[in-house]
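Have a look at the structure below, then the notes.
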Amino acid sequence: MTATVHDTMASRQGGSLFRLVVGFILGLVVTLFLFWFMQYMIETADRTLDESDRGSLVDFVRVQRDETIKRDDRKPEKPPEPDQPPPQPPTPQLDNLDASADKIAIQAAPVQTDIDMTGGFSLGVGEGDYLPIVKVAPIYPQRALSRGIEGHCTVQYTVTRQGTIRDPFVVENDCTSSLFHRASVQAALKFKYKPRVVDGQAIEVPGVQNRFTFKITE
């Protein structure tokens, strides 16, 4: 009985060892076959490749286009010269012009603006006294004209050594309407005088006054 159990165990151990050896041999054979097959595929693939059949790659390089615009310089043709030059206009006659004449302001409406020429004008004093050379009539204010306002306005100023006007202002108690202030001062600034001369030297004359009269004519 004991011999039979021992034989059975020995028989089983021998079978397991045999199967282990057979399995190892088969695994080694399969592994070697796979390595050989992969090497065969690689070598076969390398032989079949042909460099002549490979496609060529083309590199596209974008070149910036020259955007310079050529312009044609077209010069106009020179006109033909006239046969004869045009006649010269006649020279105006200046013999009868009066340099001391007053300037005239032409108005669109029928108005009249008078200038008092007595301010600073004195023939009783010697040659060195100041004298008015140019006096300009004021422009009739449009607001006063539309309202039918008439009156007068006195402006006081200083005659400089150059004969110009400086620091003009309206004499408030001698002006009938404030509408005449600006027009009177603007006209006084355009006055020109011969300056007063004392001992050969031109001097300023303060406190000179001039009255402007504004009247609407029929």
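The values are calculated or read from the model by the stated rules, or taken from the named source; none is laboratory data. Keep in mind that what you see is a predicted model, and the values were worked out from it rather than measured. We place every Cβ from the backbone using ideal geometry, glycine too, and count neighbours over all the protein chains shown.
Look at the range 129-143: where a residue is farther than 19 Å from Val170 by Cα and β-branched (Val, Ile, Thr) and a partner is in a loop (DSSP other than H, G, I, E, B) and at pLDDT 90 or above, sitting 6+ places away or on another chain with Cβ atoms under 8 Å, you get Ile133/Gly163; Val134/Lys190; Val134/Phe191. Looking for something part of a loop (DSSP other than H, G, I, E, B) and either surrounded by 14 or more Cβ atoms within 10 Å (Cβ to Cβ) or in contact with a His (Cβ under 6 Å, 6 or more places away or on another chain) (or both) - is there at least one such residue anywhere in the range 205-218? No, the conditions are met nowhere in the range 205-218.
Among the residues of the range 167-184, is there at least one that is touching a residue at least 12 places away in the same chain (Cβ under 8 Å), β-branched (Val, Ile, Thr), surrounded by 14 or more Cβ atoms within 10 Å (Cβ to Cβ) and touching a helix residue (DSSP H, G or I) at 6+ places or on another chain (Cβ under 6 Å)? Taking every residue of the range 167-184 in turn, at least one turns out to be touching a residue at least 12 places away in the same chain (Cβ under 8 Å), β-branched (Val, Ile, Thr), surrounded by 14 or more Cβ atoms within 10 Å (Cβ to Cβ) and touching a helix residue (DSSP H, G or I) at 6+ places or on another chain (Cβ under 6 Å). Identify all residues within the range 14-34 that are modelled with pLDDT under 85 and aromatic (Phe, Trp, Tyr); write none if there are none. Hit for the range 14-34 is Phe18, nothing else.
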